[in-house]
1. Hey, among Arg23, Arg7, which residue is in contact with a Pro (Cβ under 7 Å, 6 or more places away or on another chain) and either surrounded by 11 or more Cβ atoms within 10 Å (Cβ to Cβ) or hydroxyl-bearing (Ser, Thr, Tyr) (or both)?
2. Just one of the numbered conditions (1) modelled with pLDDT of 95 or more; (2) of a type in the set (S, T, N, Q); (3) out of contact with any strand residue (DSSP E or B) (no Cβ under 8 Å at 6 or more places or on another chain) is not true of Ser46; which one?
3. Restricting the search to region 26-37, which residues are open to solvent by 100 Å² or more (accessible area, probe 1.4 Å) and within 13 Å of the chain's Cα centre (by Cα)?
4. Thr40 is checked against (1) open to solvent by 90 Å² or more (accessible area, probe 1.4 Å); (2) β-branched (Val, Ile, Thr); (3) within 9 Å of the chain's Cα centre (by Cα) and fails just one. What number does that condition carry?
5. Where the second residue is loosely packed, with under 12 Cβ neighbours inside 10 Å and the first is of a type in the set (S, T, N, Q) and lies in region 24-42, which pairs have Cβ atoms under 8 Å and are six or more apart or on separate chains?
Amino acid sequence: MREIYNRKEAAKVAGVSPRTILRAIQARQLDAVKIGEGKTSTYVISRLAIEEYILRKGRKK
């Protein structure tokens, strides 16, 4: 099982859209590390952060 995910992969694991993941990151509800600048930037998210987000939101894994 992977330990680090991008936004699209994290969305699939959490059962939400990539846009929802972005909103959660921006609202500081989901821990992530931003890599790069501007339009070419991306976020990396740990599996632990995704699991914690799912538990807080009451979603099933």
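1. Checking each option against the conditions leaves just Arg7.
2. The number of the failed condition is (3).
3. Once the filter is applied, which keeps residues that are open to solvent by 100 Å² or more (accessible area, probe 1.4 Å) and within 13 Å of the chain's Cα centre (by Cα), region 26-37 yields Gln26, Arg28, Asp31, Lys34.
4. (3)
5. Within 8 Å, the pairs are Gln29/Arg56; Ser41/Lys34; Ser41/Ile35; Thr42/Lys34; Thr42/Ile35; Thr42/Gly36.
The values are calculated or read from the model by the stated rules, or taken from the named source; none is laboratory data. Keep in mind that this is a model prediction, so the values were computed, not measured. As a convention, Cβ positions derive from the backbone with ideal geometry for all residues, glycine included, and neighbour counts pool all protein chains shown. Note: accessible area is taken over every heavy atom of the protein model, side chains too, but ligands, DNA and RNA are not part of it. Shrake-Rupley method; radii C 1.70, N 1.55, O 1.52, S 1.80 Å.
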